[in-house]
1. For A:LYS100, only one of the following conditions fails: (1) touching a Pro at 6+ places or on another chain (Cβ under 9 Å); (2) facing chain B (nearest Cβ under 9 Å). What is its number?
2. Would you point out which residue out of B:MET85, B:MET63 is in contact with a Leu (Cβ under 8 Å, 6 or more places away or on another chain), open to solvent by less than 40 Å² (accessible area, probe 1.4 Å) and either farther than 29 Å from A:ASP86 by Cβ or within 14 Å of another protein chain (Cβ to nearest Cβ) (or both)?
3. Test of understanding: among B:ILE18, B:ILE73, B:ILE22, which residue is aliphatic (A, V, I, L, M) and buried (at least 22 other Cβ atoms within 10 Å of the Cβ)?
4. Which number in (1) in contact with a Phe, Trp or Tyr (Cβ under 7 Å, 6 or more places away or on another chain); (2) within 20 Å of B:LEU318 (Cβ to Cβ); (3) not aliphatic (A, V, I, L, M) marks the one condition that B:THR50 misses?
5. Which one of these does B:PHE137 not meet: (1) at the interface with chain A (Cβ under 10 Å from one of its Cβ atoms); (2) open to solvent by 10 Å² or more (accessible area, probe 1.4 Å)?
6. Within the stretch A:219-246, take every residue that is at pLDDT 95 or above and closer than 16 Å to A:ASN283 by Cα and give me the one that is most open to solvent (accessible area, probe 1.4 Å).
7. Report whether or not B:PRO122 is within 9 Å of chain A (Cβ to nearest Cβ), open to solvent by 20 Å² or more (accessible area, probe 1.4 Å) and either over 22 Å from the mean Cα position of the chain (by Cα) or in contact (Cβ under 8 Å) with a residue 12 or more places away in the chain (or both).
8. Residues in the stretch A:141-167 that are open to solvent by less than 10 Å² (accessible area, probe 1.4 Å), assigned to a helix (DSSP H, G or I), more than 8 Å from chain B (Cβ to nearest Cβ) and not aromatic (Phe, Trp, Tyr): how many?
Protein chains: 2
Amino acid sequence: MDFKIVYNEFLESVEKRIKEYIFEKEPKNLYEPISYIMSSGGKRIRPILTMIACGVVSEKPYMALNAGVALEILHNFTLVHDDIMDDSPMRRNRQTVHVKWSPAIAILTGDAMIGLAYRLLPSDVHHKRTEIILQTFTNEIIEVCEGQVLDMDFNSRKEVSLDEYYKMIDKKTAKLLEACVVIGANLGNASTFEVIALRKIAHNVGIAFQIQDDLLDLTADVQKLGKRIGGDIIEGKKTYFVIKAKELATEPDDIALLSKFYDENGLDESYVPKMVSLFEKLNLFNIANNEINNFFDNAYSQFEYLKVNQYTEMLLWLLNSIQNRKF
Amino acid sequence: MDFKIVYNEFLESVEKRIKEYIFEKEPKNLYEPISYIMSSGGKRIRPILTMIACGVVSEKPYMALNAGVALEILHNFTLVHDDIMDDSPMRRNRQTVHVKWSPAIAILTGDAMIGLAYRLLPSDVHHKRTEIILQTFTNEIIEVCEGQVLDMDFNSRKEVSLDEYYKMIDKKTAKLLEACVVIGANLGNASTFEVIALRKIAHNVGIAFQIQDDLLDLTADVQKLGKRIGGDIIEGKKTYFVIKAKELATEPDDIALLSKFYDENGLDESYVPKMVSLFEKLNLFNIANNEINNFFDNAYSQFEYLKVNQYTEMLLWLLNSIQNRKF
C-alpha cells in the first residue's frame, strides 16, 4: 500500500466533507469567516489520525470521517480564538480572521464552530460508544482552554519549570490528538487495550509535536512555516529552548541575556541570532532532537498492542512523517 | 401552593449545584472568572423554566436540575462574549469579565463554559431522549451566534425591518428559552404535543421578553437594571422602538432625528429625552405594551394542551411574573 496515496484519499474526503458541511450558509457574516478558516488547508493531521485509529481497530476508517471533521473544526476554533488573544496578524500565509473581519466576528466564528463540531459528532444513541465519544470531545474543549490559560500565565512569569511546560503542552496540543484516536478507535469498537495503546501513541506524538514546533520556530523555512523565524523569542514565549537554556546556562553573559528575555517579556528581533547562538552553545538543538526522538520511541513501543493491518502500518508511516517534518 | 416559595427552592438548588460544579477548580485564572460570572445572581429564569417544563409533564422537576444549570451556563457564556463584542463595562452592577480580567481571559472563560455546560448535560445514552436533548442544545449554540451576527449587522445598516428584528431576537433570545422547555420536557418523557405547546409558550415569552428589554431600557429603575437609561439609543441599537418609529414618523423634525440616529449610529446622551418624547408622541409605549401582551396571550392559549398540575400552574404564575416585570 502506498500510504501517501491513501493519505491523499483521506485528505480529499475530509476536504469534501468540510465543503459540503460549511460552505454557503447564512448569515454570510458568520459562515464566510468559518469557510475561510476551514479552507486554509493544512495537513489535516487530526481528522486523518481519527480515521486511521478507526481503521487500525476495525479496518473501516471512513466510519470516523464525520468525527474527524468535527475534531478538525474544533482545532480550527482554537486557532481563531488563539489568534485574537495573541493578536497574530497572519496564519498559513493569510490574514487571521480577527484582522480580516474583526475581533467580534472572530469570537463568534469560533463559538459557532464549537456548535458545528458537536453537530457533526455521531449523536446516534444506538451506537453504544456515543457516551465516551461525547465525553472525550467535551473534555478536550475544557482541557484546551485550561492549556491556553496556563500558556498565558507563563507570559507574566519569570520562572517556568519544564514540568509546567509539559503540563501546558499536554493540555494545549497532546490532548486533542488523544481525543482523535480515542474517538476514532471507539467508533471502530476498539478494545480497552487498543484505546490505551492508541492514546499513549497520540500523547507522545503530541508532546513531540509541540517541541518540534518550538524547534521549527528557530530553524524552519519561513515560506513553508508562514511565520517569521524566531517569532517565539520576539514574543517572549516560554518555549522548550528558553526553559532548558535557563536550566543549563552558567556564564554571566548568557544568564544576563536570558534574564533580559524574561524581564522584558521577549526581545527585539536583533537579539534573535544571539539567542540562537546561545541555544547552539548549550547543545540544545541536539538535546531537543533527542527528546523528540525519545517521545517517538515511546509511541513506537505501543505498536505491539495493535493488530497488524494496513492502517497500523499507515499509522507507523504517519508517525515517521511527523518525526521527519520540516515545517 | 405558594409558587414564590417553590421558585426560591428551585433557585436555591440551582445556586447550590452551580457552586458544587464550578467553584475552586484549577487553573485559577480560568475558574475564577467563570465563578465570578456564574455567581452574579440574576433570576435564573432559564434553569427554573427547564425544571418547571420537566415538572409540567412528569411532576419531577428535579430530574432537569443539571440540564437547567447547563443551560444557565450556556446563557452566561453568551453574556461574557457579548460584553467583549459590545465593550460593555458593567453587567448586573459589576465589572464585566473582560474589563476585570482581560479580553483574552474573557474569550477563554466563555469557551470553557461551553464545555462545562455540555459536561453537565445528561449524557446517559440509556435515556432514550439523549439524542434530541443534545441536538437541541447544539442547535441553540449555533442559533445564538447567528442571532448575534444579525444583531451586529444591524449596527452598520441604515434600514432594518420589523421582520428582520423578530428573526434576530428569535435567534438571540427566544431560541434559548425554547431549548430550556424542550430539554426539560424531554427529560420528563413528554409527548410530542406537550413539547410543541411548551415550545410555543417559550417562543412567545422569549420574543415578548426582548421587546420588554427594549422598553425597560427606556423606563426601568437604573439601580435595578444595572445599566444607564437610554443606553440603547446612545449605542445606536436598532430596537423595537427605533424600528417602529421609523415606520410611523411623518413630521420632518422627527424624521431628521431618526436619520441622525441611523447615520451616526447612535446619539449623544443629551438626545435621549428627545427620542423618548418622539416615542411617546408616536404612542409607541402603548403599542409596545400591546405587542408584548399579544405574545403573552399566544403563550397562554397553549395551556389547554398541558396537563393540569401544580407545575403547570406554576408556569402560568411565572409567565404572569415575567409579563409584569419592572427590571
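The values are calculated or read from the model by the stated rules, or taken from the named source; none is laboratory data. A quick note: this is a predicted structure, and the numbers were derived from the prediction, not measured. Cβ sites come from the backbone with ideal geometry, for glycine too, and all protein chains shown count toward neighbours. Just the protein is used for accessible areas: all its heavy atoms, side chains included, with ligands, DNA and RNA removed. Shrake-Rupley method; radii C 1.70, N 1.55, O 1.52, S 1.80 Å.
1. (2)
2. Numbers: B:MET63 fails: open to solvent by less than 40 Å² (accessible area, probe 1.4 Å).
After ruling out the rest, the residue left standing is B:MET85.
3. Values: B:ILE18 fails: buried (at least 22 other Cβ atoms within 10 Å of the Cβ); B:ILE22 fails: buried (at least 22 other Cβ atoms within 10 Å of the Cβ).
Unique residue meeting the criteria: B:ILE73.
4. (1)
5. In the conditions (1) at the interface with chain A (Cβ under 10 Å from one of its Cβ atoms); (2) open to solvent by 10 Å² or more (accessible area, probe 1.4 Å), B:PHE137 misses (2) alone.
6. A:LYS246
7. On the way: within 9 Å of chain A (Cβ to nearest Cβ): no; open to solvent by 20 Å² or more (accessible area, probe 1.4 Å): yes; either over 22 Å from the mean Cα position of the chain (by Cα) or in contact (Cβ under 8 Å) with a residue 12 or more places away in the chain (or both): yes.
The answer is no for B:PRO122.
8. Filtering the stretch A:141-167 down to residues open to solvent by less than 10 Å² (accessible area, probe 1.4 Å) leaves A:141-142, A:145, A:147-149, A:154, A:160, A:165.
Still in the running and assigned to a helix (DSSP H, G or I): A:141-142, A:145, A:147-149, A:154, A:165.
Within this subset, residues satisfying the condition of being more than 8 Å from chain B (Cβ to nearest Cβ) are A:147, A:154, A:165.
Subsequent filtering for residues that are not aromatic (Phe, Trp, Tyr) retains A:147.
Going through the stretch A:141-167 one residue at a time, the tally reaches 1.
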